Amino acid sequence: MADVGRFPPGFRTQEVNTDGATIHVRVGGQGPAVVMLHGFAVWGPLATALAPERTVVVPDLRGMGLSSHPEDGYDKKTQGADVARILDTLGIEKTDVVAHDIGNMVAYAFAAQYPYRVTRFVVMDAPLPGIGPWDEITRSPLLWHFNFRGPDVERLVQGRERIYLDRFWNELSANPKSIDEATRQHYADLYARPGAMRSAFNQFAAFGQDAIDNQTFAAQAKLTMPALAIGGDKSFGAAWRTSCASSRRT
């Protein structure tokens, strides 16, 4: 992952004010729009490949990366509205959506609230709260970090952000050696910024409300746009089939 975080020449950055947050956005390329919503994904190489034919929009989610760290608004319904505000600011009406990890959850909330704005929908390697085998998934001892938060936890992690993040890469990746030192240190530096770890914990803390919201979305209407769900065989893999069947009209 050389040049982690680097985007191709010609991309610009912009700060977009949403409801209670300031979102850092990278924009570049030309053609039909694609919004890319991150987890720990590095979008730079993919943005480079897409930019000649697509307008690529890459926001840092609320509380993550170079976006602001508000005290609230980490439910994915609110963050879906952040995406809509970004598109409004950029003058983009319709877009493809490509998402990974927690970005999937924001992508689903955006698509469920604004289905007329999503032309195609791609999600990778993370479940949706409240959808499919969510309760079974959350019982896994590997996912203890879903409930790891609070003032004492913040004190425990402060100055040890790299150790906390290394645990994700070392225990939850199929090949820890594929995540190089530059990538690890890049994210450790970002999460050492004031308020960043609290915001990260708040992303997980919102899962209970996200589950309620997602079940409401799914009961009201299934997604109808073309969709692609990708799950690695060392990750959620086939579990994606159940989640997608619950959230999309087939």
Is the shape of region 33-98 best called rounded, prolate or oblate, per the rule: a/c under 1.5 gives rounded, else a/b larger than b/c gives prolate, else oblate, with a ≥ b ≥ c the square roots of the Cα gyration tensor eigenvalues?
-> oblate
Please give the net charge around Asp125, taking every other residue with its beta carbon less than 13 angstrom from that of Asp125, where Lys and Arg add +1 and Asp and Glu add -1.
-> -1
Report, in debye and to the nearest 20, how large the dipole of the chain comes out about its Cα centre when Lys and Arg carry +1 and Asp and Glu carry -1 on their Cβ.
-> 380
Provide, in order from the shortest bin, the percent of all Cα-Cα pairs of region 111-207 in each 5 Å bin, continuing until the bin that contains the maximum pair distance.
-> 2, 10, 17, 20, 19, 16, 11, 5, 1
Treat region 54-159 as a sphere of radius equal to its Kirkwood radius over Cα pairs and apply Stokes-Einstein at 37 °C in a medium of 0.692 mPa s; give the translational diffusion coefficient in µm²/s, rounded to a whole number.
-> 212
When the helix-only estimate is applied to the chain (DSSP H runs of n ≥ 4, each -39,500 (n - 2.57), divided by the residue count), what is the mean residue ellipticity at 222 nm, nearest 500 deg cm²/dmol?
-> -12000 deg cm²/dmol
Return the distance in nm (one decimal) between the two label points of a simple spin-label model at Arg12 and Leu228, each offset 7 Å from Cα along Cα→Cβ.
-> 2.9
How about region 13-93: which GluC sites (Glu not before Pro) there are in a DSSP loop, with at most 15 other Cβ atoms within 10 Å of their Cβ?
-> Glu53, Glu71, Glu93
Quick one: compute the contact order of the chain, relative version, from alpha carbon pairs under 8 angstrom and 6+ residues apart, as a percent.
-> 22
Could you give the semi-axes, largest first, of the ellipsoid that matches the chain, computed as the square roots of 5 times the alpha carbon gyration tensor eigenvalues and rounded to whole Å?
-> 25, 23, 18
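Where a number appears in this text, it was derived from the coordinates with a stated rule and is not lab data. These numbers come from a predicted model, not from an experiment. Using ideal geometry, Cβ is built from the backbone for each residue, glycine included, and neighbour counts are taken over all protein chains shown.
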